[in-house]
Amino acid sequence: VSAVGVLAVAATLAVYYAADALYRRSGRHPLLHPVLLSIAALAALLEAAHLPYPRYMDGARLIAFFLGPATVALAIPIYRNLSAIGGSLPAVIGALVVGSTTAMVSAVGIAWALGAPPLIVRSLAAKSVTTPIAMAVSGEIGGAPALTAVFAILTGIAGAIAVAWIFPRGDRVDWRARGFSTGLASHAIGTAHAFTLDETAGAFSGLAMGLNALFTALVLPLAAALLPHSLRGH
Amino acid sequence: VFTPRLPAAALLRSLAVLVGCELAGNLLAGALGLPVSGTVLAMAGLFVWLIAVRRVPESLERTSQGLLRILPLLFVPAGVGVVAYLPLLRREWLVLAAAIGGSLAITMLVTWATMLGITRLLSRRGSREACDS
């Protein structure tokens, strides 16, 4: 690893550490999400130092390598979250299939209808999925994983903000339904926020995040392979 | 950080299991020509295995916890790759805001309504059956 590579690793660690400290000090405000802050700060640093991204990645891929085993390890919290299902299995399966399909179709549909270029459309398809898995899926369907990372984080932040007011005021609050829809639509960032509202909402949000990640990761590449040009990559 | 400390051998074994799963997933996806990412396939495989054995080995659990606590850091380098797309984002930001915001709102409301609908349908049927019997 070159000296620039070591510098890239050090800068990534330092920037993330600072962003995470700021996020914690803010009481975990969704708009100060440490990954978004880190990406913005490092992008600005690369710009200022006239360092091309491939030279940064030369060192930073040492960090990125561990994304693979960490993504595999996500199986464990997804498995643990299954215990939240209890007696709600039919509702969970129904909401998963309908919600997950809605998330993919509506993102692709709106972007396509507004004339977005195919790379944007493909990179948006998995935007509701937890970031590491969304990036892997995006790569499979011909999107840009870097764009998908940013879209997924923005979706998570928007979901964390929306959960407090988007649901219609009605007779009785069903925290399972609120939590499940929050986690399905806005993955880990929405889930973290759902936990601050209600314990049951948090548990169902985590459950939905895991199930949606599995469902989307298996269904979207198959759908993209079957669908015509609008979604197909490569 | 961990009390009692995880033995080095257990930590290394668990890391080897995770990397080995990833490798197996990639080989399998490649050999079968599956469109699914090998890493995701590995995660799905580990998930199915956990359901089958119904327990998480302690060293794997603790190694994974350590890894998952820094998970957000691990996707920062790939995310920085967004610098290559800044002109595209500048041009398409309005479409993106509409697609992300619109899809998020639709997804949250549709998922919420589906879950409530099924729950109410089943509880109504359940109470009717209770009355019948």
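The values are calculated or read from the model by the stated rules, or taken from the named source; none is laboratory data. Predicted, not measured: the structure shown is a model, and the values here were computed from it. Backbone-built Cβ (ideal geometry, glycine too); neighbour counts: all protein chains shown. Just so you know, the surface numbers come from the protein's heavy atoms only, side chains and all, with ligands and any DNA or RNA stripped out. Shrake-Rupley method; radii C 1.70, N 1.55, O 1.52, S 1.80 Å.
Couple of notes before you dig in:
- Residue within the range B:86-99 that is in contact (Cβ under 8 Å) with a residue 12 or more places away in the chain and either facing chain A (nearest Cβ under 7 Å) or assigned to a helix (DSSP H, G or I) (or both) present: no
- Unmet criterion (only one of (1) under 26 Å from A:Leu36 (Cβ atoms); (2) of a type in the set (A, V, I, L, M); (3) modelled with pLDDT of 90 or more) for A:Val219: (1)
- Looking across the range A:50-62 at every residue that is in a helix (DSSP H, G or I) and more than 7 Å from chain B (Cβ to nearest Cβ), the one that is least open to solvent (accessible area, probe 1.4 Å) is identified as A:Gly59.
- Of all residues making up the range A:127-169, the number that are farther than 30 Å from B:Leu116 by Cβ and either within 12 Å of the chain's Cα centre (by Cα) or not in a helix (DSSP H, G or I) (or both): 14
- Residue list for the range B:48-58, restricted to those being assigned to a helix (DSSP H, G or I) and either open to solvent by less than 20 Å² (accessible area, probe 1.4 Å) or modelled with pLDDT of 95 or more (or both): B:Val48, B:Trp49, B:Leu50, B:Ile51, B:Ala52, B:Val53
- Selection count where residues are in a helix (DSSP H, G or I), in contact with a helix residue (DSSP H, G or I) (Cβ under 7 Å, 6 or more places away or on another chain) and more than 17 Å from A:Ala146 (Cα to Cα), scope the range A:17-44: 7
- Filter pass, A:Gly170 being at pLDDT 95 or above, open to solvent by 10 Å² or more (accessible area, probe 1.4 Å) and more than 7 Å from every other protein chain (Cβ to nearest Cβ): no
- Checked against the criterion of being surrounded by 14 or more Cβ atoms within 10 Å (Cβ to Cβ), at pLDDT 95 or above, more than 7 Å from chain A (Cβ to nearest Cβ) and part of a helix (DSSP H, G or I), the candidates B:Gly66, B:Gly45 yield just one match: B:Gly45.
- Subset of the range A:63-100 that is more than 9 Å from chain B (Cβ to nearest Cβ) and either assigned to a helix (DSSP H, G or I) or under 14 Å from A:Ala213 (Cβ atoms) (or both) - its residue that is nearest to the chain's Cα centre (by Cα): A:Asn81
- Positions within the range B:27-42 being farther than 15 Å from A:Ile78 by Cα and either small (Gly, Ala, Ser) or not in a helix (DSSP H, G or I) (or both), in sequence order: B:Ala29, B:Gly30, B:Ala31, B:Gly33, B:Leu34, B:Pro35, B:Val36, B:Ser37, B:Gly38
- For A:Thr130: the one exception among (1) surrounded by fewer than 24 Cβ atoms within 10 Å (Cβ to Cβ); (2) more than 7 Å from chain B (Cβ to nearest Cβ): (1)
- Checking A:Ser83 against (1) open to solvent by 40 Å² or more (accessible area, probe 1.4 Å); (2) out of contact with any Gly (no Cβ under 6 Å at 6 or more places or on another chain); (3) modelled with pLDDT under 95; (4) closer than 26 Å to B:Leu104 by Cβ, the condition it does not meet: (4)
- Residues that are open to solvent by 50 Å² or more (accessible area, probe 1.4 Å) and hydroxyl-bearing (Ser, Thr, Tyr) within the range B:1-40 comprise just one, B:Thr3.
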